[in-house]
Structures are given as structure tokens and as C-alpha cells.
Amino acid sequence: MQPAGRIHNFGAGPAVLPLEVVDEVAAALPNLDESGFGLLEVSHRSPTFQSVIDSAVERIRRVLSVPDGYEVLFLQGGASTQFYMTALNLLNDGEKADFLVTGGWSQKALKEASRVGDAFAVWDDSENGFKSVPQDGEYTIREDATYIHYTSNNTLYGTQFHHLPDSGGKPRVVDASSDICGVTIDVSAHDVIYAGAQKNLGPSGVTLAILSPWAMARAKQGIPTMLDYHTHASKGSMFNTPNTFGIYVLDRVFAWIERNGGLDGAIERNRAKAALLYGELDRSDFWRPHAHGGSRSVMNVTWRLADENLEEAFLTEAVAAGFGGLKGHRSVGGIRASIYNGCPIESVVALVGFMRDFESQHS
């Protein structure tokens, strides 16, 4: 049951937060941890906020089983900045990076890395409409590539890796913006993990980056200060004023994850939500799911109606019935339900009920 005035939010990001977290944030706005300073007013140099950022780092290390020696950073500029920043830090002049292009965001990551070095798509599903992710053996990593980059979940098209992609023995860099803390991830098998917070971790404006010792050692001289990972690691993510509000919310989200079964609990809930939606999409030919089986995302479920002329009516009636954020990305169209960690299963149950009612009225 939704609280009065709130909709069932299926937006792709900024996304719905757990209500427990929203209540905690609201309570901290006038007075954070009895410091006398409001959450939006507290100095990032204060002991009060230092305890917040320390807590956030510790929770991330616990929930994600981050190995010793890996850096945990809070950055700004979103994943879009990381598209360039990763290459700038990891590639020397003339060096190569290989990309698995599975959607719009990995296309952008490839483009930005091309400004720095020899970035090459060893797999690209654009001609097929980005309906699947590659399986091992369907691509070949260049022998002299420095690393391989992939996007673990593709929000636009609703596809996702359900296996650790073969890297040919090269370091892995992953954009995990839309499924971090929602699926299993082996941090030790990656050298850079980056994620915008606004889908599974908190509000917009904070980017989580986790870097291995290898990645930290790769940084070269002459990188612009704010684009150098060492700048932020050496100052505990406080070289400049960080997004204090966003980091606080992220800490509260990780605390909520820990209270609710940890990463395993989040994975179980997300699988259950996805099973409900895909079960409905596969039940009737009234719906046309986009992603191929085996590549379907448990974070972003995308589909069209068999009669695409009904899609506008579906979206209009959904809003009237209390469902928001279902319109597909402008570059893709159709319907998209984002069911990140903060989305309660009750919202998915309600959406499936609405879908059945809509089908009965329009089929």
C-alpha cells in the first residue's frame, strides 16, 4: 500500500528510495546526528560529516566484499565523466582498450575513451537493436589491449550480463551504475568499478568508484587535477567539497541494505520482482518484451505493446492509476519499468494487476 500522495515510481533515475531511508533523511535535515547543524548545512570538514563518510566507506566494503588495498571513492560528474576519466588514468599514449558495446551508455564510453587512446568495439550489437549481451567466445580481446570495458546493465534496452564476461586475462573496467548492489558482483575480478548513485544507491550527484591497486598505479603524470584518481584518494574523497547530502543518503541506503539481508537479500528481492513482470510479459502476446532470454535485466524491464498504437493510452492510463516513470527512453520508445532496490515488490504486483486490466479492456 502506497502512502497517501505517493505514486508507484518506476523511473529510471533518479529512482525511488526505500521509505525508511526517506524518513531518516527527513529527520536529519534540521539536525544531523544531534550536531546542531542541518544535513544540508554541515561542513564537510567537521567531525560529524567525517563520521558519515567513514561509515559509508565501511558499509560499502562490507556489503560488496571489497578487497583490502582497493580504494573506495566518492566523485562527481556521474558515470558520464568516468567514461573519459577511466581512459585518461589507465591508458598511456597509443595504448588500446577493448569495449563490449551493448547499448547507448557503452557507446558513449567508447567514444570518450577514443579521445585518449585506441578504443575499439570487439562486440557491438547495435545492428540487432541491442537485444542481448555477448557470451564468452563471441568476441576476441586484442592481445595488446590494456583493459576491457563493459556496461553490466543496460537501462535503455533492458539487457544485463548474468555472467562475468571473459576478459582474455586483461583487467576489467565496468560501468555498474544501474545494477550495483542489485546483483552479484565479484569486486576482486575488476580493476575499476564505477556507478552513478541515482539508481540503486541514492540521489543524483554522487559517483561511487572502486579501484584496484593496479588501477591506482596506472595513473600518469600531467592529468588535470580533478580527473586524477590520486587527487581524490589522497584526500579521502574530500579534495574539494563533496556532495555531502548525497553521501549521507548513500550511507543510509547501504545501512538499509544491511538491515534487510545484505546483498543476498537485495538479489533475492530483485529476482522476485523481475520474475513477476517477465511472467506477465510472457503470458500473453499482447506484450512484446525487448530483451532476449538469457540477457534480460532484473533492473530495467523493457517492452512494447503488440499494437504500438496503444502505448500512449497505456502510459496515460498508468499515470491516472498512480504509476509513474514507465515511458521508455526517448531513443528507444515503448515501456520501461525500472525495479531497482528501492522499488517495493508491492509496486510490481500493482503494476502487473494494472497490465492485466489494461489488456482485458483493449485486447
Rounded to the angstrom and largest first, Cα extents along the principal axes for the chain equal 64, 57, 31
Taking Cα pairs closer than 8 Å and at least 6 residues apart, the relative contact order of the stretch 263-362 in percent is 30 percent
Relative contact order as a percentage, the chain, C-alpha pairs under 8 Å and 6+ apart, gives 23 percent
Over all viewing directions the Cα convex hull of the stretch 1-155 casts an average projected area in nm² of 13.9 nm²
Going through 199/327; 96/170; 96/131 one by one, the pairs whose alpha carbons sit over 20 Å apart turn out to be 96/131
Looks like the stretch 1-85, by Cα gyration tensor root eigenvalues a ≥ b ≥ c and the a/c under 1.5 rounded cutoff (else prolate when a/b is bigger than b/c, oblate otherwise), is oblate
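Every number in this text was worked out from the coordinates using simple rules, so none of it is lab data. Keep in mind that what you see is a predicted model, and the values were worked out from it rather than measured.
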